[in-house]
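Peer 1: Structure below; questions to follow.
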Amino acid sequence: KLPEKLAPHFAREGIVHEVGRLCAKESAMPDPATDALLEHARQMHKSMLGPDSLAGTCAASDELMSQAKAVAKRLDDGEAEALVELRTLLSGTGDSLSSYQVLTSGLAESLLKWLLDAVPERVMAFVEIIGGRQG
C-alpha cells in the first residue's frame, strides 16, 4: 500500500495518470520485458493508484490542476489579469505547480500562445506582473 504522505505527490507529479495510461496499453508484439512492465503497472494501479485509492482521489480532486486549467483558459481568452493568478500559482508559497501540472493543464501552451500573439502590450504586462512590479 502507498503511504498516505506520498499519495498527493504521486497525483501531482502525474504518476497516477501515467500508470493508468500504461494499464490501458497492450503489447503490440510479444515481448517479455514489455509484458512484465505492463503487468507491474496493472498491479500498482489495482493496489495503490486506482480511482478508489487515496492517490487516485487526490488526482481526481487536484485543485492546483483545476486552477492551472482555468488560468490557461483565461489566457486563451486574452485576459492579462490571468497573469496575476499565474504568478500566485508559480510563486512557490505553499504548494506550487509541478512540471506535469503545467504541461498537462495546457498552461504552458496557452502562455506561449498568449505571449506570441501580435499584441505588443502583452510582453510588457508579462514582465510587470510576473516580475512582481504589479500587485
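Peer 1: Within the stretch 10-48, which residues are closer than 20 Å to Ser105 by Cβ, part of a helix (DSSP H, G or I) and acidic (Asp, Glu)?
Peer 2: Glu18
Peer 1: Please work out which residue is surrounded by the most Cβ atoms within 10 Å (Cβ to Cβ), limiting yourself to the stretch 21-48 and to residues that are among the small types (Gly, Ala, Ser) and modelled with pLDDT of 85 or more.
Peer 2: Filtering first and then ranking leaves Ala41.
Peer 1: Given the conditions (1) assigned to a helix (DSSP H, G or I); (2) of a type outside the set (Lys, Arg); (3) modelled with pLDDT under 90, which single one is not true for Leu83?
Peer 2: (3)
Peer 1: Do we find a residue being among the polar types (S, T, N, Q) and touching a residue at least 40 places away in the same chain (Cβ under 8 Å) anywhere in the stretch 61-82?
Peer 2: No, that holds for no residue.
Peer 1: On the given criteria, is Leu89 in a helix (DSSP H, G or I), within 16 Å of Asp62 (Cβ to Cβ) and modelled with pLDDT under 90?
Peer 2: Spelling it out, Leu89 is indeed in a helix (DSSP H, G or I), within 16 Å of Asp62 (Cβ to Cβ) and modelled with pLDDT under 90.
Peer 1: Still on this structure, I have one more. Which condition from (1) over 15 Å from the mean Cα position of the chain (by Cα); (2) of a type in the set (Ser, Thr, Tyr); (3) closer than 23 Å to Glu128 by Cα is the one that Ser47 breaks?
Peer 2: Condition (3) is where Ser47 drops out.
Peer 1: Would you be able to tell me the number of residues in the stretch 49-65 that are open to solvent by 60 Å² or more (accessible area, probe 1.4 Å) and not polar (S, T, N, Q)?
Peer 2: So the answer is 5.
Peer 1: Quick check on my filter: what residues within the stretch 49-72 are in contact with a Pro (Cβ under 9 Å, 6 or more places away or on another chain) and in a helix (DSSP H, G or I)?
Peer 2: Leu54, Ala55, Thr57, Cys58, Ala59, Ala60
The values are calculated or read from the model by the stated rules, or taken from the named source; none is laboratory data. Model, not experiment: these values are computed from the prediction. Virtual Cβ from ideal backbone geometry, glycine too; neighbours counted across all protein chains shown. Calculation scope for accessible area: heavy atoms of the full protein, side chains included, ligands and nucleic acids excluded. Shrake-Rupley method; radii C 1.70, N 1.55, O 1.52, S 1.80 Å.
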